[in-house]
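Chemist: Got a structure for you, written out below as structure tokens; questions coming shortly.
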Amino acid sequence: MSMYRHLEAHPIAGALGAEIRGIDLSQPLSDEAFDEVQAALHEHLVIFFRDQHLTPEQHIHFSARFGDLLEVPFVRALEGYPTILPVMKGKAESKKRLFGGLWHTDMSYTQEPPLGSALYGRVIPPYGGDTMWANMYRAYESLSDRLKQILDGLNAVHSPARSYGAGGAVVNNGDPADKMDVRTDERATNEVIHPVVRVHPATGKKALYVNSTYTVRFEGMTQEESEPLLQFLYQHAGRPEFTCRFRWTPGSLALWDNRCTQHLAMNDYDGFDREMHRTTISGERPLAASARLQSL
Ligand code: SIN
């Protein structure tokens, strides 16, 4: 257990993730307490707070300490709260489609992907509906030196098309049978380029930065040429020893660093409702591992 003055951090797995005790997120945090929360996030990459009683305003207030909050494209926000993304699945909904159900980093299809997100559990199934995270520092560090060197010099193209394009995996065009309202629009064909290995601006560590939901190909290569190495990297990034798994209880909040993790929502709670609120914190353009790419 790491020692802090204002909180306790209890790791939940060897790779990443810690439960934080001693913090009430409904109250404004002192600067010292906030600095410790931020330090715990940098140390553990995803941190969990249980038994919090948060209004949407308190959720927004806490998240906004880390940066401006983003309005998430394609998905209808919570009524009256443009920066709260309701992540919901009802008991009668199709088991095929699940928002966030494959490994991803949030919104890597944007030029400046989010720093992180804060997901608050409101309605939790009696079993199932856990979320998993994976440590992308570990994923990078455990590769061979030669492959690291190759990846350090590559960029990849990211796009929302597979999820949010016409017929995309989570698009439902406001189907009244579904609780979420996810619609495609012209932004779904956008492509952006990011380094395959990014340097975390606060820790200076290198993290693998490709994901199976939004990465399309390596820059300068065809999809066919890219696919074998990308598939290896996706599988490698999700190796069980790089992950943690969080069992939600109502009132839990998970705060993750989107720059050095991937996450996935488990689709295993058919017949039960699950309702979460997510805020998404703005980030910066990913820094490349090699100076040559940084100038692009
Ligand atoms: C997400 O990908 O932001 C949602 C994760 C979850 O529902 O557990």
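Values in this text are rule-based calculations from the coordinates and carry no lab data. Note that the structure is a prediction, hence the values are computed from the model and not measured. Positions of Cβ are backbone-derived with ideal geometry, glycine not excepted, and every protein chain shown enters the neighbour counts.
Chemist: Pairs of lysine in the chain with Cα under 24 Å and at least 8 positions apart or on different chains: total?
Modeler: Working: K89/K179; K91/K179; K95/K179; K96/K179; K148/K205; K148/K206.
Qualifying lysine pairs in the chain: 6.
Chemist: Under 15 Å from the Cβ of G116, count the other residues' Cβ atoms, weight Lys and Arg +1, Asp and Glu -1, and hand me the total.
Modeler: Working: positive: R65, R198, R259, R278; negative: E43, D68, D106, E112, D257, E284.
Value of the local net charge: -2.
Chemist: Which residue, G14, G80, G167, has the most motion in a Gaussian network model of the chain that connects Cα atoms within less than 10 Å?
Modeler: Residue with maximal mean-square fluctuation among G14, G80, G167: G80.
Chemist: I've got another one for you. Net charge near P73: determine it from the other residues with C-beta under 14 Å of the C-beta of P73, scoring Lys and Arg +1 and Asp and Glu -1.
Modeler: On the way: positive: R76, R183, R187, R278; negative: E71, D106, E112, D181, D185, E186.
Once all neighbours under 14 Å are counted, the net charge is -2.
Chemist: How much of the DSSP bridge set in the chain is antiparallel, in percent, rounded to the nearest 5? The partial results should precede the final answer.
Modeler: Details: 52 of 55 bridges.
Antiparallel: roughly 95 percent of the beta bridges in the chain.
Chemist: Related question: Over the chain, what relative contact order in percent results from Cα pairs under 8 Å that are six or more residues apart?
Modeler: Numbers: 675 pairs, mean separation 98.1, N = 296.
Once divided by the residue count of the chain, the mean separation gives 33 percent.
Chemist: To the nearest 20 Debye, how big is the dipole of region 37-185 about its Cα centre, given +1 on the beta carbon of each Lys and Arg and -1 on that of each Asp and Glu?
Modeler: Details: 15 positive and 17 negative charges, 108 e Å.
The calculation lands at about 520 debye.
Chemist: If you don't mind, there's one more thing I want to ask. Kindly write out, for region 123-129 in residue order, the coupling ³J(HN,Hα) from the Karplus curve 6.51 cos²θ - 1.76 cosθ + 1.60 (θ = phi - 60°), rounded to whole Hz, with x marking Gly and Pro.
Modeler: 10, 10, x, x, 8, x, x
Chemist: How big is the dipole moment of region 173-280 about its Cα centre under a simple scheme where the beta carbon of each Lys and Arg is +1, that of each Asp and Glu is -1, and everything else is neutral? Debye, nearest 20, please. It would help to have the intermediate numbers written out before the result.
Modeler: On the way: 13 positive and 16 negative charges, 140 e Å.
Computed about the Cα centre, the dipole is about 680 debye.
Chemist: Using only alpha carbon pairs under 8 Å that are at least six residues apart, calculate the relative contact order of region 1-138 and give it in whole percent. Spell out each step's value before the answer.
Modeler: Details: 126 pairs, mean separation 25.7, N = 138.
That works out to 19 percent.
Chemist: A follow-up question, please. Only helical DSSP H runs with n ≥ 4 go in: add -39500 (n - 2.57) per run for the chain, normalise by residue count and round the 222 nm mean residue ellipticity to 500 deg cm²/dmol.
Modeler: Working: 7 runs with 59 residues, N = 296.
After summing the helix terms and dividing by the residues of the chain, the value is -5500 deg cm²/dmol.
Chemist: Now a separate question. Net charge near A33: determine it from the other residues with C-beta under 11 Å of the C-beta of A33, scoring Lys and Arg +1 and Asp and Glu -1. Write down the numbers at each step before the final one.
Modeler: Details: positive: R5, R65; negative: D24, D31, E32, D35, E36.
So the surrounding residues net to -3.
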